[in-house]
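To start, the structure under review is shown below, and the notes come after it.
The values are calculated or read from the model by the stated rules, or taken from the named source; none is laboratory data. Predicted model only: the values in this text are computed from it and were never measured. Neighbour counts are summed over all protein chains in view; Cβ atoms, including those assigned to glycine, are modelled from backbone coordinates with ideal geometry. Accessible surface areas use protein heavy atoms only, side chains included; no ligands, DNA or RNA. Shrake-Rupley method; radii C 1.70, N 1.55, O 1.52, S 1.80 Å.
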Amino acid sequence: MAASVKIDFQPLSAPAGGDVVVFVGEDLEPSARIAELLGKSSELIAKAAAPERFKGKANAALVIPTPAGLDADRLIAVGIGSEGDRSKLNWVELGGVIAGKLSGRSGTVLLDLEGATPSPDDVAQIALGARLRLYKFDRYKTKKKDNDENDTPTKITFASPDPAVARKAAKAADGLAEGVRIARDLVNEPPNVLGPEEFAKRAEELTKLGVEVEILDEKAMRKLGMRALLAVGQGSERESRMVVMRWNGGRAGAKPIAFIGKGVVFDSGGISIKPGGGMEDMKGDMAGAACVVGLMHALAARKAKANVVGAIGLVENMPDGKAQRPGDIVTTMSGQTVEIINTDAEGRLVLGDVLWYVQDRFKPQFMIDLATLTGAILVALAQEYAGMFSNNDELAGRLFEAGKATGEKVWRLPLGPEYDKLIDSKFADMKNTGGRHGGSITAAQFLQRFVNDVPWIHLDIAGTGMNAPQTETNKSWGSGWGVRLLDRLVRDHYER
Ligand code: MN
Ligand code: ZN
């Protein structure tokens, strides 16, 4: 069983058992209202701070065990920095810091700052950060250590001057936390469990929230002419799938916005097989598709006032007597032909057909695709930013801002006709790799040939979607990256 977390709300009152969490700035003093609730023990913080070198900096925490004069197991002071920093505080991260300290325990967080009580929205962000931090993927561990904190539920009570309002705000963000959880679960699942068919089944659970879900099997895709996607999956014992999800929360007839995800459930490289070291990580080559499913959940859960299409291509790339080979030429759904140079450059073949299908069928306002597409994006940006490629400055600017606001950051790289010659083929309209230089750019340039004039962004998330950096809000291998980013973009710009 995964560790569970229970979040509750109550009015501000003196602590009664468990851990107590308070915020302090660089003066090391809690607000006057909280100092009153803590009585003499509020002086303990300043006393313990010097030997622990705690200076009240944002995201730092000081733990005081069995605080004298207080009915509490531990008094925990969480830093919020100087007064000047207050408006820049990242409440999601602070929620992560708090939950890290309370993991496997129960604690009450006294939500009051001098002159600046956190708004209901801030409280929702703290609760979101706590849920993200406490996520665990341990369903395949059968042996647990004694007193393993994994087994003990965490109980966090937020005490604020207006608990009913805070509760309502926090509840509104629950769907977002759940969307990230779904995306992380999908990325973390082993590839023997999560094949294309099982993945499609999990996406189908969105129908419970009112999302329309269509699953296309190989026969249906053959009929549509999606030969590039099918070519990638033809070496696998498992059939490929495409899932189309629709949330219709906007005006009837209004053009939808569309999100497309690469879902290679396992990428061996195919005949151009990858080296063995680290190949197990290729179970995460579906992080783009996982994000789209998590996002659709988040949007439907909060009944977003927008028409949204999610489309994911689900395939397994395996070497086999039936697998595609280097040298093959395939005809895509668009009619354009592709010479296969390297069967490990398979993601763009899947996305090319799905992008073409989505722009042709739905005539969307914009398309954003997410894909763990190239190792080259790690060379360029490490794991701090996802690579962004776009044919539309306004859309790219909006996503850049959403990245700054959520911490899921994107950095734009160039597209341009001068890169086209790198993917022109001697025998077909294009080839599926452009060589070593600018590998992420030529991959994006390839995708652009399947979007026509629809405003479009390609996000290369090979560095951010899996094997993710450990942060205050993510201790998981699969980060669920992009769900919060895209939910934010929709919320800020695309709801009626
Ligand atoms: Mn590959
Ligand atoms: Zn791949």
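Scanning the range 259-313 for residues that are surrounded by 24 or more Cβ atoms within 10 Å (Cβ to Cβ), in contact with a Ser or Thr (Cβ under 6 Å, 6 or more places away or on another chain) and hydrophobic (A, V, I, L, M, F, W, C) turns up just one, 287.
Looking at this structure, is residue 117 touching a strand residue (DSSP E or B) at 6+ places or on another chain (Cβ under 8 Å), more than 25 Å from residue 298 (Cβ to Cβ) and open to solvent by 60 Å² or more (accessible area, probe 1.4 Å)? Yes: the conditions hold for residue 117.
Restricting the range 339-396 to residues that are acidic (Asp, Glu) and open to solvent by less than 10 Å² (accessible area, probe 1.4 Å) leaves a set whose member that is nearest to residue 414 (Cα to Cα) is 369. Taken over the range 61-70, residues that are open to solvent by 30 Å² or more (accessible area, probe 1.4 Å) and at pLDDT 95 or above amount to 3. Cβ separations smaller than 8 Å between residues 6+ apart or across chains give the following pairs from the range 246-263 residues that are away from ligand 1 (no atom under 16 Å from the Cβ) and at pLDDT 95 or above to residues that are small (Gly, Ala, Ser) and open to solvent by 10 Å² or more (accessible area, probe 1.4 Å): 247/210; 256/250. When we screen 96, 100 for residues that are surrounded by 18 or more Cβ atoms within 10 Å (Cβ to Cβ), modelled with pLDDT of 95 or more, within 11 Å of residue 59 (Cβ to Cβ) and in contact with a strand residue (DSSP E or B) (Cβ under 9 Å, 6 or more places away or on another chain), the only hit is 96.
Residues in the range 433-467 that are open to solvent by 10 Å² or more (accessible area, probe 1.4 Å) and part of a loop (DSSP other than H, G, I, E, B): 14 in all. None of 182, 156, 215 is hydrophobic (A, V, I, L, M, F, W, C), outside the structural domain of residue 133 (by TED's automatic domain parsing) and more than 20 Å from the chain's Cα centre (by Cα) except 215. Screening 237, 218, 316 for residues that are touching a Phe, Trp or Tyr at 6+ places or on another chain (Cβ under 6 Å) and either more than 16 Å from ligand 1 (Cβ to nearest atom) or closer than 27 Å to residue 184 by Cβ (or both) leaves exactly one candidate, 316. Selection of the range 191-216 for residues being assigned to a loop (DSSP other than H, G, I, E, B) and within 23 Å of residue 304 (Cα to Cα) yields 210, 211. For the range 222-236, a residue qualifies if it is in contact with a Gly (Cβ under 9 Å, 6 or more places away or on another chain) and surrounded by fewer than 24 Cβ atoms within 10 Å (Cβ to Cβ), and the qualifying residues are 225, 235, 236.
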